[in-house]
Amino acid sequence: MYFEKHAAGSEANVCVAAVRLGVSCGLITRLGMDEFGLYIYNWLRGEGVDVSHIKFDPERPTGIYFVQRNYPLPGISDVVYYRRGSAASALSPEDIDEEYIASARLFHTTGITLAISDSARETAKRGVEVARKNGVPVSFDVNYRRKLWRNADDAVRAFMDILRFVDILFLDENEADLLLGVSNPVDVFRELSSRFGIDRVVLKLGLRGSIINWKGKVVRVDAYRVPVKDPIGAGDAYAGVFLASILKGFNVEDAARRAAAAAAMVVMVRGDEENLPREEDLEKFLSGYGRQVDFR
């Protein structure tokens, strides 16, 4: 048995993915004034993420979690969370700087932030409200983590409260079934459009790829088959690269292919962010996948 330390966090992963593709990104969070917090802060700053809205909490620790890889099944990881009472769980709506969000091209958050505490949930809600008020598109990844919620009903209520503010939604089939009672892509897209007015949806299908409804245009992209070292982090890589690609002017199909490539690259190594690609990495992967290519 051995232990490795990795920096991670869903929104942080998305932010780093965007920055590596040349899209500026800032993170709003709290870290503990401890070695883990300093490690994450320095990682983000070193990647070029705007850390001006990260606060250090001297009273609470940085949240951590442990991953047991290839357990209980090959290719599957089990996660043990230690996030209760963490610095991030003390996020407050007062941490939301309206001017900062109003200056953005996109605001992104996830269901993990909604799960870690009531105050973090209210902070995320305040963020999406401010974004909507200022005409900033809101992106949301459901990211349902059963172990972080008291029960599924609490999660559904929290998600439903956020969905009315969302412009771009990421979810998988199980999350669609949890929220909407349907998982067929046609039904998922119809329900999200009719009930919430969401017409930009990325439905993740695991090894079968993804299917996207983008303002009525439906695109399906296959997953890339690669050797899997660690499946955690694929969804964040997909979301970060997809959003960054859209912001850079790529069409939705190309954005989805780039995102699928990034997800494949991330699962080939241990850790969430170690293999998040830069533009040259994506170019090599997409041009060389399926062929014997010497990258030296």
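Taking GluC sites (Glu not before Pro) as exposed when their DSSP state is a loop state and no more than 11 other Cβ atoms lie within 10 Å, the longest site-free interval of the chain runs over 60-296.
I want the local charge near residue 162. Using Cβ-Cβ distances under 12 Å, sum +1 for each Lys or Arg and -1 for each Asp or Glu among the other residues. Mind showing how you got there, number by number?
On the way: positive: 121, 125, 126, 132, 157, 164; negative: 122, 129, 141, 161, 167.
After counting each charged neighbour, the total is +1.
Under 10 Å, Cα contacts only: if you run a Gaussian network model on the chain, which one of 223, 263, 237 comes out with the highest mean-square fluctuation? It is 223.
Of all the options 106, 73, 243, the one that moves most in a Gaussian network model of the chain with Cα springs shorter than 10 angstrom is 73. Comparing 26, 237, 179 along the charge dipole axis of the stretch 10-285, the residue lying farthest to the positive side is 179, per the Cβ-charge model. Taking a Cβ cut-off of under 14 Å around residue 134, the surrounding Lys, Arg, Asp and Glu residues balance to a net charge of -1, with basic ones at +1 and acidic ones at -1.
Could you list the trypsin sites (Lys or Arg not before Pro) in the stretch 90-173 that lie in coil according to DSSP, counting only those with at most 15 other Cβ atoms within 10 Å of their Cβ? Display every interim value, and only then the final one.
Working: sites: 105, 121, 125, 126, 132, 133, 145, 146, 147, 150, 157, 164; in loops: 105, 145, 150, 164.
Within the stretch 90-173, the qualifying trypsin sites (Lys or Arg not before Pro) (loop, at most 15 other Cβ atoms within 10 Å) are 105, 150, 164.
Restricting the calculation to Cα atoms, the chain shows an Rg/Rh of 0.94 when the hydrodynamic-style radius is the Kirkwood one.
If each DSSP helix of 4+ residues adds -39,500 (n - 2.57) and the sum is divided by the residues in the chain, what number results at 222 nm, nearest 500 deg cm²/dmol? The partial results should precede the final answer.
Working: 11 runs with 123 residues, N = 296.
So the calculated ellipticity at 222 nm is -12500 deg cm²/dmol.
Selection among 203, 110, 10 by position relative to the dipole of the chain gives 203 as farthest towards the positive end (Cβ unit charges, Cα centre).
Every number in this text was worked out from the coordinates using simple rules, so none of it is lab data. These numbers were taken from a predicted model, which means no experiment stands behind them. For neighbour counting, all protein chains shown are included, and Cβ atoms are generated from backbone atoms with ideal geometry for every residue, glycine included.
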